[in-house]
Amino acid sequence: MFAAIFLCGTLSAQAQVDPQVTQILKKCQEKMTDPRGVETTMTLDVGLVVKIMSGTITTVEKGNKMKAMTTMKIMGKSMTMETGFDGTQQWEYIHTGKKDTVTITKTTQKPQNEHAINFNLDKVYKTAKAKLNGQFYELTFTNPIKKDWPKKQVMKIDKDKYYFNEVKSKEEKSGATMTLKLTKIKIGVSDEVFKFNPKNYPNAVIVRK
């Protein structure tokens, strides 16, 4: 389910995809990848009869730089994670309440943002329809090409600004549900955001590769 929501699909659908769906997704992706930099904050809730995981995801991207900060509570246990890339190095920070770790890797290869919204759902579902529901375009995706993907996903996109608003999915066999919702968006980001500062992790063990 995580892959279905976040990671970009690489398959092609050969069925009934409303052309309007593809147009809306394309405009939304353009708005959400502004060259001035984009910062988004989203809430993530996963449930199975009761809520089993919830948290906040903040991502910042600008050109070849990125930063993602995640705070999650899973079955009552809290975890904080951060991934950053400034163009010359990547760092990963993990805080679980026990031993904090920061791993720094020298690289010029931008890591894949695992929390990026999947704007290719029209290519991984055989059926996709669009309808206007109040302030939002409501895109419904069904009949996935991959059997392990949710049978249905519903994405909402603002009809005026074309910003992503929400995506919901449900896993048919387990009944697990997932909701990812945008709570804040900022266009225009300073390069200072992407600079690594070890003072931000005073209790962490720093490992350099």
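The values are calculated or read from the model by the stated rules, or taken from the named source; none is laboratory data. What you are looking at is a predicted structure, and each value in this text was computed from that prediction instead of being measured. Cβ coordinates were reconstructed from backbone atoms using ideal geometry, including for glycine residues, and neighbour counts include every protein chain displayed. Quick note on the areas: whole protein, heavy atoms, side chains included, nothing else; ligands and nucleic acids left out. Shrake-Rupley method; radii C 1.70, N 1.55, O 1.52, S 1.80 Å.
Here are the numbers:
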{"quantity": "Qualifying position, being touching a strand residue (DSSP E or B) at 6+ places or on another chain (Cβ under 9 Å), hydrophobic (A, V, I, L, M, F, W, C), open to solvent by 50 Å² or more (accessible area, probe 1.4 Å) and closer than 16 Å to Arg208 by Cβ, among Ile74, Ile94", "calculated": "Ile94"}
{"quantity": "Every residue from segment 20-71 that is of a type in the set (Lys, Arg), surrounded by fewer than 18 Cβ atoms within 10 Å (Cβ to Cβ) and touching a residue at least 60 places away in the same chain (Cβ under 8 Å)", "calculated": "Lys26, Lys27, Lys31, Arg36"}
{"quantity": "Check on Val46, part of a strand (DSSP E or B) and over 18 Å from Lys195 (Cα atoms)", "calculated": "yes"}
{"quantity": "Asp148 over 22 Å from Met72 (Cα atoms) and either hydrophobic (A, V, I, L, M, F, W, C) or without any contact (Cβ under 8 Å) to a residue 12 or more places away in the chain (or both)", "calculated": "yes"}
{"quantity": "Test for Asn113: is it in contact with a strand residue (DSSP E or B) (Cβ under 9 Å, 6 or more places away or on another chain) and modelled with pLDDT under 95", "calculated": "yes"}
{"quantity": "Counted residues, segment 158-202 - those being free of Cβ contacts under 8 Å to residues at least 24 places away in the same chain, closer than 21 Å to Arg36 by Cβ and in a helix (DSSP H, G or I)", "calculated": "1"}
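Conditions (1) hydroxyl-bearing (Ser, Thr, Tyr); (2) under 26 Å from Val17 (Cα atoms); (3) in contact with a Ser or Thr (Cβ under 6 Å, 6 or more places away or on another chain); (4) buried (at least 17 other Cβ atoms within 10 Å of the Cβ), marked per residue:
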position: Thr105; (1), (2), (3), (4): yes, no, no, no
position: Lys110; (1), (2), (3), (4): no, no, no, no
position: Phe119; (1), (2), (3), (4): no, yes, no, yes
position: Asp122; (1), (2), (3), (4): no, yes, yes, yes
position: Leu139; (1), (2), (3), (4): no, yes, no, yes
position: Gln153; (1), (2), (3), (4): no, yes, yes, yes
position: Thr177; (1), (2), (3), (4): yes, yes, no, yes
